[in-house]
1. Compute, for residue 119, the solvent-accessible surface of its heavy atoms (probe 1.4 Å) with the complete set of protein chains present, and express it in square angstrom to the nearest 10.
2. Which value results for Rg/Rh of the chain when Rg is the Cα radius of gyration and Rh the Kirkwood radius based on the inverse mean 1/r?
3. Mind checking the dipole of the chain: about its Cα centre, +1 per Lys or Arg Cβ, -1 per Asp or Glu Cβ, Debye to the nearest 20?
4. Apply 1/(1 + (r/R0)^6) to the Cβ-Cβ distance of residue 33 and residue 65, taking R0 = 41 Å, and write down the FRET efficiency to the nearest 0.05.
5. Based on the Cβ-Cβ distance from residue 72 to residue 5, what FRET efficiency comes out when R0 is 25 Å, to the nearest 0.05?
6. Working with all protein chains in place, sort 55, 50, 65, 71 by solvent-accessible area computed with a 1.4 Å probe, largest first.
7. Using a Förster distance of 25 Å, how high is the FRET efficiency between residue 18 and residue 87, based on the Cβ-Cβ distance and rounded to 0.05?
Amino acid sequence: MGLNVRLLRESFELVLEREPNITHRFYGILFSRYPQVKPLFGRNSQAQQEKMLAEALAAVIDKLEDASWLEEKLMAMGAKHVDYGVTDEMYPWVADALISALGEAAGADWTPEHHKAWTDALNAIASLMIRGAKQYGRPEAAAGAGAQASS
Ligand code: HEM
């Protein structure tokens, strides 16, 4: 994916040292800037959601060089997000809130390179999740160019 894996890992570690509760801060920023997404949440407690997001981010950071893992897991996660009511336009909102939370925690150590590395990574993650969302309920779409629409 051409991502700056080293910088992503280093900065994620630094952020977690300084702000172990980074996903709590993320939801605070997300809901204050984009209150329209708030009604989508509520299947799980806020604490549980924070924990699941933190684990998902750690797993993705760990697997940044494993393209087939990323494709499989992120496409499946994108499909699940359709059921949560998530639409394509919301991905940049989440990226914005997450990058702000990370930058805040990193403080003076946050550079334009960090901003770019995380923007690229979140774009790549969103692309895979959105691809998974598009194929959701349409397994024939996964078959590739030879597939015919049935309707
Ligand atoms: C960086 C991209 C994202 C990642 C890594 C991510 C990760 C997760 C994870 C790990 C869960 C827990 C359940 C599951 O595994 O399906 C979840 C649930 C959820 N996500 Fe995301 N997500 C992302 C983008 C988004 C976006 C753009 C939205 C739109 C606002 C969103 C809204 C939700 C909602 C509403 C739930 C269900 C929460 C509940 O328990 O009520 N996510 N997400």
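The values are calculated or read from the model by the stated rules, or taken from the named source; none is laboratory data. Everything numeric here is computed off the predicted structure, so don't read it as measured data. Glycine also receives a Cβ, built like all others from the backbone with ideal geometry; neighbour counts cover every protein chain displayed. Side chains included, ligands, DNA and RNA excluded: accessible areas come from the protein's heavy atoms. Shrake-Rupley method; radii C 1.70, N 1.55, O 1.52, S 1.80 Å.
1. Accessible surface of residue 119 is approximately 50 Å².
2. 0.99
3. The dipole magnitude comes to about 460 debye.
4. 0.80
5. Once rounded, the FRET efficiency stands at 0.85.
6. 65, 55, 71, 50
7. Efficiency at R0 = 25 Å is approximately 0.15.
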